[in-house]
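Undergrad: Let me begin by handing over the structure; questions about it come next.
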Amino acid sequence: MKPVTILAIESSCDETSASVCVDGKILSNYIANQAIHQKYGGVVPELASRAHMQHIVPVVDLALRDAGCEMRDTGYGMGDIDAIAFTQAPGLIGSLLVGAQFAKSLSLALDKPLIAVHHMQAHVLANLIADDKPPFPFLCLTVSGGHTQIVLARSALDLEVIGQTIDDAAGEAFDKTAKLLGLPYPGGPLIDQYAKKGDAHKFKFTEPQIAGLDFSFSGLKTSVLYFLQKQQPGFIEENLNDLCASIQYTIVNILLKKLKKAVEQTGVKEVCIAGGVSANSGLRNGLKQMGELNGWKTFIPAFEYCTDNAAMIAITAYHKYLAGQFAKLDISPTARAEW
Ligand code: KG4
Ligand code: ZN
């Protein structure tokens, strides 16, 4: 059988990315970041859409070149691409529209099928990129700037959210507390960096008491704010490493406690993490330790597949291709999407 080659595009937030995957193996994964948002302390939707418009053609071109693929008929065959995939939801609508329109235009021009992918499902399936893949069923803690979910994956296309945040996402908890410490956006990676030199038990911040497998992070931000308001000028500068380590410890603890509960409830001991926050070294180490302690088999995607990337869209699209799940050309992206 001819190998299945998929070109995938991701543009849900502030990263423009394109990837080529052949039979589930990633051949290229190009990501263009948008530094412009840093000075505004968060992603500015209008600027993100404009930057996607500038980046999308070169990024797709580079991804195809890296993979050694031809998009159009070279005279010797029909071109290498069998389907075009794109992130359909959730995300910033202006950003999603750029990727969606580009993918739809390519699909029409090349007469190749279109595959619509859910960004959060793709974060979970990023775990299927590595050679050492989790067997089904597995649990996945997906932690990003906009979402915090525990997902039970029964198969590649049978995913169920069994717990999620009722307010802020874990990434927001990192970014908002980082802002209180005077750190630039996105503060998550900076907290991670300073935490490495700090004492995680120096300061105690309250953990939420939420029933079941759901999360809450808005209280942590308030607790850090009130704590800082009581301190003398210069306190943050003098204690930055310990503050970052203590905040990171609290967030990671909240996440891992719920994950442990999910393992106990489902009996599933293959445990993955995914999403931008899974790049956090405290979470990565904490998961490994917890796995060793409790007899879980743990899986963490390579760093480049944790934050937003098109490789995870490509791997998800590959499974949808095999299942014959194609989209029509009149499909529109949506900012919010339930599973
Ligand atoms: O998945 P992602 O790239 O984009 C969304 O879909 O949201 O996640 C971005 C989030 C941001 O909140 C960022 O601060 C956080 O992931 N993040 C981290 C780290 N790297 C990225 N948070 C903590 N530690 C990190 N090393
Ligand atoms: Zn994401």
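Undergrad: What distance in nm lies between label points placed 7 Å from Cα along the C-beta direction at GLN193 and LEU157?
TA: 4.3
Undergrad: Here's something else I'd like to know. Please figure out what share of the DSSP beta bridges in the chain is antiparallel and state it in percent, rounded to the nearest 5.
TA: So the antiparallel bridges amount to about 60 percent of the total.
Undergrad: If you don't mind, another one. Give a quick list of chymotrypsin sites (Phe, Trp or Tyr not before Pro) in region 19-82 that DSSP marks as loop, anything other than H, G, I, E or B, with at most 16 other Cβ atoms within 10 Å.
TA: Loop-located and lightly packed - TYR76.
Undergrad: Same structure, new question: Among LEU7, LEU157, LEU139, which residue has its Cα positioned farthest towards the positive end of the charge dipole of the chain, with +1 placed on the Cβ of Lys and Arg, -1 on the Cβ of Asp and Glu, and the dipole taken about the Cα centre?
TA: Positive-end residue among those listed: LEU139.
Undergrad: Here's another thing I want to ask about it. Quick one: work out Rg over Rh on the C-alpha atoms of the chain, Rh as Kirkwood radius.
TA: Rg divided by Rh gives 1.00.
Undergrad: Continuing with the same structure: If eta is 1.306 mPa s and T is 10 °C, what Stokes-Einstein diffusion coefficient results for region 133-300, Kirkwood Rh from Cα pairs, in µm²/s?
TA: D = 98 µm²/s.
Undergrad: Moving on. Can you list the residues, at least 5 places off or on another chain, whose amide H is less than 5 Å from the amide H of THR165, using H built in the peptide plane?
TA: THR148, PHE215
Undergrad: Right, something else. Given the options THR250, THR307, THR222, state which has the largest fluctuation in a GNM of the chain using a 10 Å cut-off (strictly under) for Cα springs.
TA: Result: THR222 has the largest fluctuation of those listed.
Undergrad: Which value in deg cm²/dmol, rounded to the nearest 500, describes the helix-derived mean residue ellipticity at 222 nm for the chain, given -39,500 (n - 2.57) per DSSP H run of n ≥ 4 and division by the residue count?
TA: Taking each H run of at least 4 residues, the total per residue is -13500 deg cm²/dmol.
Undergrad: Excluding residues on the same chain fewer than 8 positions from LYS320, give the lysines whose Cα lies under 16 Å from its Cα.
TA: Cross-link targets: LYS25, LYS112, LYS328.
Undergrad: Another question, if that's okay. Tell me, which cysteines of the chain are without a disulfide-compatible partner by the Cβ under 4.7 Å rule?
TA: Here CYS13, CYS21, CYS69, CYS244, CYS306 come out as lacking a disulfide-compatible partner, given the Cβ-Cβ threshold of under 4.7 Å.
Undergrad: For LYS176, which lysines qualify as cross-link partners when the Cα separation must be under 21 Å and same-chain residues fewer than eight apart are set aside?
TA: LYS39, LYS196, LYS197, LYS202, LYS204, LYS221, LYS230
Undergrad: Still on this structure, please answer the following. Within the chain, which is the longest segment containing none of the trypsin sites (Lys or Arg not before Pro) that sit in a DSSP loop and have at most 16 other Cβ atoms within 10 Å?
TA: Counting at most 16 other Cβ atoms within 10 Å as exposed, the longest clean stretch of the chain is 73-195.
Undergrad: Return, ordered by residue number, the residues of region 194-213 whose backbone nitrogen is under 14 Å from a label point located 7 Å along Cα→Cβ of GLU264.
TA: 210-213
Undergrad: Turning to a different aspect of this structure: Within the chain, which complete DSSP H helices have Cα atoms spanning at least 15 Å along the helix axis and a mean Kyte-Doolittle hydropathy of 0.5 or higher?
TA: In the chain, the long hydrophobic H runs are 93-110, 218-229, 311-322.
Undergrad: Looking at the chain as a GNM with Cα springs under 10 Å, which of ILE313, ILE300, ILE210 has the largest mean-square fluctuation?
TA: It is ILE210.
Only the coordinates and a few stated rules stand behind these numbers; no lab work does. Here the structure is a predicted model, which means the values were calculated and not measured. Please note: Cβ atoms are built from the backbone with ideal geometry, for glycine as well, and neighbour counts cover all protein chains shown.
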